[in-house]
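What follows is a short report on a single structure.
The values are calculated or read from the model by the stated rules, or taken from the named source; none is laboratory data. Keep in mind that this is a model prediction, so the values were computed, not measured. We place every Cβ from the backbone using ideal geometry, glycine too, and count neighbours over all the protein chains shown.
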Amino acid sequence: MDKLRQKFKDSYFIVNKIYLFLGFILLAITDLALGLYYFFVSLFIYFWKVLKSKIPMEVKGEYEPKTYIYKETENKDLKLDIYYPNKYSDKYPLVFFSHGGGWISGFRNQPNNVSWCRFLASKGCAVVSIDYRYGYRNTMNDILLDYSDALEYVKENSESLSIDRDNIILMGLSAGGHLSLLYSAYHTFNKNTDKIKGIKGVVAYYAPTDLNQILEFENKSLFSKFGTIRTLKDLSSDENDPYDYYSPINWISKDMIPTLLVHGQLDSTVPFKSSVNFAKKLQSFNVKYTFLIHKKGDHSFDTKMKDRVTINILDRTARYIKKAIIS
């Protein structure tokens, strides 16, 4: 019975909320107005839950961010927010934070991201949370360029921003974790010392590390498949398969920086094996890494669950970051 129950939870019907769509169709057939009402109420409830989610760590004190435009593009200005600790310093260690959303959604000041930034700032780090262009109108190259440009902006203005450019941790959730791992792995593999200088480690929560796994039949998430395909559009070439080229796991070398991987074992959006295989490859190159697992965690468990395991993982993440920037 338990196996049957788990298979049902992992099915397309549940993972992609198809049952909500079917309910809308059935209601629309009998009463169009009622069907539309049901649809918009369900949509409102879903986005309300997403927007209100946050990590289960209450932080006391005010941590109001300062906002800067780090890049101007044709369609919009790209911004970053900086959260500072309450204790004054002329040079803070930095967590460079990148949001998730399948490369096609999400934003820097979404409540779950804000809760992370406030939490990390309360631990003594400055935190930069960035926006980047979305994959439905741009490509992975554009997104990676935004990520790199935001990091360079912080480094170049480190003195005026009171940032210690020699004490940086890259961190990201889901698609943001992918960007953080890819930046780290690619530049260490190619020995681009100017790009990696000052970066002491990378933290990736439930990040896709092999983009081919997103498209596998076993992965039931239509959202993650759509986001991946859409973002990698128009990037095929005779020399490089984009799904291989933009997979962090293919750029690991002995020079990879210390890495913290965090993943829920029941993740229905990014396969758990994504982090398992990445950890194995890090180990094969003798790269220092830590792998934290939530055995009952789904995707974004850090803002959906309030159990002791989740809180312990958050505390261990903060301790890992603190240790990396002090040692």
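Taking (1) closer than 15 Å to S180 by Cβ; (2) buried (at least 22 other Cβ atoms within 10 Å of the Cβ); (3) of a type outside the set (G, A, S) in turn, D267 satisfies each apart from (1).
Do the conditions hold for D81, that is, is it outside any loop (DSSP other than H, G, I, E, B), among the charged types (D, E, K, R) and under 19 Å from L211 (Cα atoms)? Answer is no for this residue. Considering (1) more than 22 Å from S275 (Cα to Cα); (2) among the aromatic types (F, W, Y); (3) in a helix (DSSP H, G or I), the lone condition that Y136 does not fulfil carries the number (3). Checked against the criteria, S115 counts as assigned by TED's automatic domain parsing to the domain that holds E72, part of a helix (DSSP H, G or I) and surrounded by fewer than 22 Cβ atoms within 10 Å (Cβ to Cβ).
Could you list all residues from the stretch 217-231 that are within 15 Å of G135 (Cβ to Cβ) and either polar (S, T, N, Q) or surrounded by 21 or more Cβ atoms within 10 Å (Cβ to Cβ) (or both)? Within the stretch 217-231, S224, G227, T228, T231 qualify.
The criterion of at least 2 residues that are aromatic (F, W, Y) is met by the following helices (runs of 4 or more DSSP H) wholly inside the stretch 160-266: 175-189, 222-231, 242-245.
Look through the stretch 77-90, keep the residues that are in contact (Cβ under 8 Å) with a residue 24 or more places away in the chain and touching a Lys or Arg at 6+ places or on another chain (Cβ under 9 Å), and return whichever of them is farthest from F119 (Cα to Cα). Looking at residues that are in contact (Cβ under 8 Å) with a residue 24 or more places away in the chain and touching a Lys or Arg at 6+ places or on another chain (Cβ under 9 Å), I get L78.
Any residue at all in the stretch 120-127 that's within 17 Å of I163 (Cα to Cα) and assigned to a helix (DSSP H, G or I)?
Step one: of the stretch 120-127, the residues within 17 Å of I163 (Cα to Cα) are 120-127.
Subset that is assigned to a helix (DSSP H, G or I): 120-121.
Scanning the stretch 120-127 turns up at least one residue that is within 17 Å of I163 (Cα to Cα) and assigned to a helix (DSSP H, G or I).
Among the residues of the stretch 205-214, are any touching a strand residue (DSSP E or B) at 6+ places or on another chain (Cβ under 9 Å), among the hydrophobic types (A, V, I, L, M, F, W, C) and more than 18 Å from G101 (Cβ to Cβ)? No, there is no match, as no residue in the stretch 205-214 is touching a strand residue (DSSP E or B) at 6+ places or on another chain (Cβ under 9 Å), among the hydrophobic types (A, V, I, L, M, F, W, C) and more than 18 Å from G101 (Cβ to Cβ). Residues of the stretch 64-98 that are over 21 Å from G124 (Cβ atoms) and either touching a Leu at 6+ places or on another chain (Cβ under 6 Å) or among the β-branched types (V, I, T) (or both): T67, Y68, I69, Y70, K71, T73. Summed over the stretch 291-327, the residues that are outside any loop (DSSP other than H, G, I, E, B) and either at positive phi or more than 17 Å from the chain's Cα centre (by Cα) (or both) give a count of 13. Could you pull out the residue among K220, K225 that is assigned by TED's automatic domain parsing to the domain that holds Y153, touching a residue at least 24 places away in the same chain (Cβ under 8 Å) and of a type in the set (K, R)? After applying the criteria, what remains is K220.
Among the residues of the stretch 98-155, those that are closer than 13 Å to P65 by Cβ and of a type in the set (A, V, I, L, M) comprise V114, L120, A121, A126, V127, V128, I130.
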